[in-house]
Amino acid sequence: MAGIELRNINKVYGNRFHALHDLNFDIRDGEFMVFVGPSGCGKSTALRMIAGLESISSGELRIGDRVVNHIDPKDRDIAMVFQSYALYPHKTVRENIAFPLQMARLPTTEIDSRVNEAARILELTALLDRKPALLSGGQRQRVAMGRAIVRKPAAFLMDEPLSNLDAKLRVQMRGEIASLQRKLNVTTIYVTHDQVEAMTMGDRVAVMKGGVLQQVDTPQNLYNRPENVFVAAFIGSPSMNLYEAVLNGRTLTLGSNSFEIPDRVFEYRPSLNGASNRQVIVGFRPEHMNDAAIRPSSAEISAPVTLVEALGSESLVHLNIDAAWVDAGDPDAVADIGDERAAVARFSPKSTVRAGDIARIAVDAEELHFFEPDTRTSIW
Amino acid sequence: MSGEDRFVLCMLAPAVAILGLLVAYPVGLLIFDSFFKVDTITPNIREWVGLQNYVDALTSKRVAESALRTVQYSVFALFFEFTFGFCAALLFSAMAGESRWHRTIFALPLMVPPIVAGLLWRFLLVGNIGILNYGLVRLGLIDDPNEIAWLSSEDIVIYSVSFADIWLTTSFVALVSYAGLTNIPKDLLEAARIDGANALKRFWHVTLPLMRPVIAVVVIVRGVDAAKTFDLIWIQTQGGPRHASEVFSMNIYQRMVRFGDLGEASASGALFLIVMMLLAALAYWKIWRPVHA
Amino acid sequence: MHKARHLNVSGILINGAALVLVLSYALPYMYLLMTSIKPAADVQQIPPSFFPAVLSFENFREVLRSSTLPKAFVNSLTVAVLTTALSLAVAVPAAYVATQYRRRITTLFLLFALVTRMVPSVSLGVPLFQLLKSLGLLDTVPGLVLAHTSAAVPLALLLMSAFFEGMPRELEEAARMDGCTRFQAFRKIVLPVMTGGIAVTALFTFITSWNEFLYALLLTSEATKTAPIVIAEYNSVYGLAWGAMTAAAVLYSLPVIVVTLALQKQIVGGLTFGAVKG
Ligand SMILES: Nc1ncnc2c1ncn2[C@@H]1O[C@H](COP(=O)(O)OP(=O)(O)OP(=O)(O)O)[C@@H](O)[C@H]1O
Ligand SMILES: [Mg+2]
């Protein structure tokens, strides 16, 4: 078991494509770290560099106390679970799981007992003599896990291990992997582009974009204290609404609406104090907007409703806010329905607003987020 | 050098060495020899003659005739192989899943050694006992089994010897085309049908354009093979009667073995090589590339 | 539904045409088989008959009793087996890195192999004769093996590249994560996974060598004559010994046909995606 340190790691591919820029962070011993980010942001690249399958262009990578930049994957003492599982098709489940131990030249009795133990943990005992072709998707996934855990490596690396499963199985395996990791207490890096997986599984989550690390933090902190506009919009679903606004003293002007910001906000964002005519980007999450007709508040705005998606447990209300919309820069973000510039509010199903109405919206002003318009970083 | 590069080189090296020794070096030797007058029958004659061998080859009537025959043979064989093979593939794909046994039996000639195919067709065509003519009499196409002297008439022999080639490789064309046809997305054809295209129009506007790369591969591979043919014709006629079926490769062989004229054989061999490369490159540029551009 | 399809007119036409086509292509070889089991005297009867009047293995007995043909078969087999082994030994690793570790040099290499397939064997035969003569390998098994290898390696490279193209790269990576060096991953995982493709390629290289005629004609004289040379010689030596010739031709071609028919499915796959003729 060991921690992993990345120091100014860069990756430039053979075609001169600069895939990773100055990656810098630590993964603590026993920690469950998740890499998340839009497609093509370099998650797999980073993972494969840690695995040793991809060379490191510059920087320093440490596993435990060793610098491993030039060490072969086989000597790094790490195990990997691939998206396609990469089970050896000509070997049975037992032989698949035993293979890494055979390569390590363990005695046969030791191999047998370890394979049986891993199979028991993963409930594969009845399948040990089958070939992978005869297994279901979920079973294959477990065999891939078995091949990884049987070695008791210093770290597990997993690249979207659940993306080939159907939704229900994915939820189940998500829980199983997380609890297995807690039980074995092995440092784990888990790549996904599913933010629900990221938020529920990770001790900490590293958010990446365009080969640049945006923020590494606990899921709670990513949600509550995003450090920039991208992280703010990327974490949470539906996304945080982001608009340009002007702050004057304690009054925030958002398009044609104005309201007062409570004192608490200025306590944890002291640099907002004494603002006069200050341009900011303001962010508010859909869950922090309510129908003022049901739950009035001191900070209220009004906006025309363009669309209402009634989901039963809640209603997603699309609003046309007359302030300048801010593009968070997530290439994967496409409005499923309606205009991407529309603000989305999460109303109680009791709300009676309908498309075409002018709705009064109560904003939970203590939960507002503020960012600098030029650097797009959070204002504290 | 990284470990990865070392690995790539180690794995590649034996094949590079083999191809270097057995292909690149001989080709070099071929070109080198083509500038000398070498006599293998009376040894130790080896003198530099510059381009004289090429001049001789290009002005020789027998060389020119054999080159022309190679073209006649290749075009004739390729045309029929392609027509029969493509029709067979269309038939098989029209039969959908029921063509498995047909394809299996049809593929049979593909496994027959060229020497056997040549012998067999010689046996079918040869005067007096060739069963083909008796069959034609039976069908009422000719009156006398000796009416057509397939292999001994100088006018037709170059075409007669290609029957064996056609028989031997139609199935290659058919199988490759069939694979190409089955890869055409069904919904494209159905969309065309909904747009009101009849079977002929669908074939012309959908099937044929999509089959272009497959057709290109078949034409290149088969065209080159037909032009290189030696064994099939050799076993049937040895180039006779009176050189009437002597193709270019056979001409080179004769000059090498019978006349021991290594220099001139090398010059012709080099010319042959260059022409084949040019043809293949041309076919590649004209037929294959436009589809992939 | 199914019945109705069988009964429609175009269906009958298509099936009929296919049957005629297939039969007309199968007939010549059938005739060869039929002729080989006729008594030698009946082979050249006028007019010829398709089926034998009496069954006789006289022709087979004659060719097997002669000393040349059995020896030629042994030569052919030896040369083909060695050619296959040598070609696979060099082509399989090369095709593997050429497809899985793509870079400029491997692409150039594959292109070179492709171009090599266009070289007329007679152009190569002339200098190969020189080369083998200077190495003292004319009319020897190793000499002929080398010549056949020059034709078999490009074929094996193209076929194996097509097979490796379909293999996921992760298999090798998983093996390396499990503690293998690149060589071990190749030997312990990649090769066993690819046995099907290797077998098909082996069959094709074997057939290439087994069928080869021109190099054998140029590069052998007495000691290492292969089967096709001996069969071709029935022409001159025995005049027109059609009976013996058909029997020898059947012995020479039937084993390959039987094996290929048995492996039909894999072979057609190999053929069509390599788009190459053996
Ligand atoms: N071998 C390569 N050569 C050149 N560029 C590459 C190579 N592999 C990946 N890239 C590029 O590097 C970038 C990062 O790729 P990577 O596979 O790490 O993304 P990812 O975050 O895992 O995306 P996804 O969620 O789609 O898996 C992409 O823009 C990709 O096109
Ligand atoms: Mg990825």
**Request:** Under a cut-off of 16 Å between alpha-carbon atoms, report the lysines in cross-link reach of residue A:43, not counting same-chain residues fewer than 8 places apart.
**Result:** A:11, A:209
**Item:** 1.4 Å probe, heavy atoms, protein only - residues of segment B:152-198 losing at least 40 Å² accessible area vs chain alone
**Value:** B:167, B:172, B:175
**Complete:** Compactness check, segment A:173-231: C-alpha Rg relative to the 2.2 N^0.38 Å globular estimate gives 1.17
**Item:** segment A:4-231, accessible surface, carbon-and-sulfur percent (1.4 angstrom probe)
**Value:** 46
**Fill in**
Result for interface chain C to chain A, accessible surface buried in total, 1.4 Å probe, Å² to 100, stands at 1700
**Message:** Let me check I've understood the local charge: for residue A:262, count other residues with C-beta under 11 angstrom from its C-beta, Lys and Arg +1, Asp and Glu -1. What total comes out?
**Reply:** -4
**Asked** How many angstrom separate the Cα center of segment C:150-195 from the Cα center of segment B:136-184?
**Response** 42
**Prompt:** Of all the C-alpha pairs in segment A:12-114, what % are more than 18 Å from each other?
**Reply:** 60
**Prompt:** In what sequence, largest accessible area first, do A:145, A:199 appear using a 1.4 Å probe?
**Reply:** A:199, A:145
**Prompt:** Rounded if a/c is under 1.5, else prolate if a/b beats b/c, else oblate: with a ≥ b ≥ c from the C-alpha gyration tensor eigenvalues square-rooted, which is segment A:51-180?
**Reply:** oblate
**Separation of alpha-carbon centers, segment B:189-227 and segment A:23-51, rounded to whole Å** = 48
**Prompt:** Across bins of 20 angstrom width beginning at 0, how are the C-alpha pair distances of the protein assembly as shown distributed, in whole percent?
**Reply:** 11, 31, 28, 19, 9, 2
**Asked** If you take the charge dipole of chain B about its Cα centre, with +1 on Lys and Arg Cβ and -1 on Asp and Glu Cβ, which of B:263, B:174, B:140 is farthest toward its positive end?
**Response** B:174
**Portion, in percent, of the accessible area of segment A:311-380 that falls on carbon or sulfur, probe 1.4 Å** = 47
**Asked** Local charge sum around residue B:106 (other residues, Cβ-Cβ under 14 Å, Lys/Arg +1, Asp/Glu -1)?
**Response** 0
**Fill in**
To the nearest 20 debye, segment A:4-231 has a Cα-centred charge dipole, built from +1 on Lys and Arg Cβ and -1 on Asp and Glu Cβ, of 460
**Message:** Before I look further, what does the protein assembly as shown give for accessible area per residue, probe 1.4 Å, in whole square angstrom?
**Reply:** 43
**Request:** Using a 1.4 Å probe over the heavy atoms of the protein chains, calculate the carbon and sulfur portion of the accessible area of segment C:66-269 as a whole percent.
**Result:** 70
**Item:** Average silhouette area of segment A:234-371, convex hull of alpha-carbon atoms, in square nanometres
**Value:** 8.0
**Request:** Please report, in debye to the nearest 20, how large the charge dipole of the protein assembly as shown is about its Cα centre when each Lys and Arg carries +1 at its beta carbon and each Asp and Glu carries -1 there.
**Result:** 1740
**Request:** Quote to one decimal, in nm, the extra length available between residue B:104 and residue B:205 on full extension: 0.36 nm per residue of separation minus the C-alpha distance between them.
**Result:** 33.4 nm
**Request:** Could you tell me the accessible area of residue A:253 in Å² (1.4 Å probe, neighbours in place), rounded to the nearest ten?
**Result:** 50
**Prompt:** If you take the accessible area of C alone, add that of B alone, and subtract the area of the pair, what total do you get in Å², probe 1.4 Å, to the nearest 100?
**Reply:** 8000
**Asked** So what's segment C:87-191 giving for Rg/Rh, alpha carbon basis, Kirkwood Rh from the mean inverse pair distance?
**Response** 1.09
**Request:** Return the whole-Å distance between the Cα centroid of segment C:54-95 and the Cα centroid of segment A:116-134.
**Result:** 47
**Message:** Taking the full set of protein chains and a 1.4 angstrom probe, give the accessible area of residue A:136 in square angstrom, rounded to the nearest 10.
**Reply:** 60
**Prompt:** What is the P(r) of segment B:211-293, as percent of Cα-Cα pairs per 10 Å bin from 0?
**Reply:** 17, 37, 28, 15, 4
**Asked** Span-like helices, chain B: DSSP H, alpha-carbon axial extent 30 Å or more, mean Kyte-Doolittle 0.5 or greater, which ones?
**Response** B:61-94, B:262-283
**Message:** From the protein chains alone at 1.4 Å, what is the descending order of accessible area for A:375, C:205, largest first?
**Reply:** A:375, C:205
**Prompt:** So what is the diffusion coefficient of segment C:152-198 in µm² per second by Stokes-Einstein at 10 °C and 1.306 mPa s, using a Kirkwood Rh over Cα pairs?
**Reply:** 142
**Fill in**
In degrees rounded to 10, the 0-90 angle between helix A:108-121 Cα long axis and the longest Cα principal axis of chain A is 30
**Message:** Heavy atoms of the protein only, probe of 1.4 Å, neighbouring chains included. What is the accessible area of residue A:55 in Å², nearest 10?
**Reply:** 80
**Complete:** Per-residue accessible area, 1.4 Å probe, largest first, puts A:21, A:70, B:102 in the order A:70, A:21, B:102
**Item:** Overall form of segment C:66-269 per C-alpha gyration tensor (a/c, 1.5; a/b vs b/c)
**Value:** prolate
**Item:** Rounded to whole Å, sorted largest first: equivalent-ellipsoid semi-axes of chain A, Cα gyration tensor
**Value:** 46, 24, 16
**Item:** Formal net charge of residues neighbouring residue C:91 (Cβ-Cβ distance under 15 Å; K, R +1; D, E -1)
**Value:** 0
**Message:** Binning at 10 angstrom from zero up to the longest distance, how are the C-alpha pair distances of segment A:4-231 distributed in percent?
**Reply:** 8, 32, 36, 19, 5, 0
**Request:** Please build a GNM for chain B, connecting alpha carbons under 10 Å apart, and tell me which residue among B:130, B:260, B:28 fluctuates the most.
**Result:** B:28
**Tilt relative to chain C, helix C:141-165 - C-alpha long axis, 0 to 90 degrees, to 10** = 60
**Dimensionless Rg/Rh of chain B - Kirkwood Rh, Rg from C-alpha atoms** = 1.05
**Prompt:** So how tilted is helix C:195-211 from the main axis of chain C? Cα-based, degrees 0 to 90, rounded to 10.
**Reply:** 40
**Mean separation of Cα contacts under 8 Å, 6 or more apart, over the residue count of segment B:43-292: relative contact order %** = 29
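The values are calculated or read from the model by the stated rules, or taken from the named source; none is laboratory data. Everything numeric in this text was worked out from a predicted model, so none of it was measured. FYI the Cβ positions are ideal-geometry reconstructions off the backbone, even for glycines, and counts take in every protein chain you see. Each accessible area value is taken on the protein alone, full model and side chains, heavy atoms only, with ligands, DNA and RNA left out. Shrake-Rupley method; radii C 1.70, N 1.55, O 1.52, S 1.80 Å.
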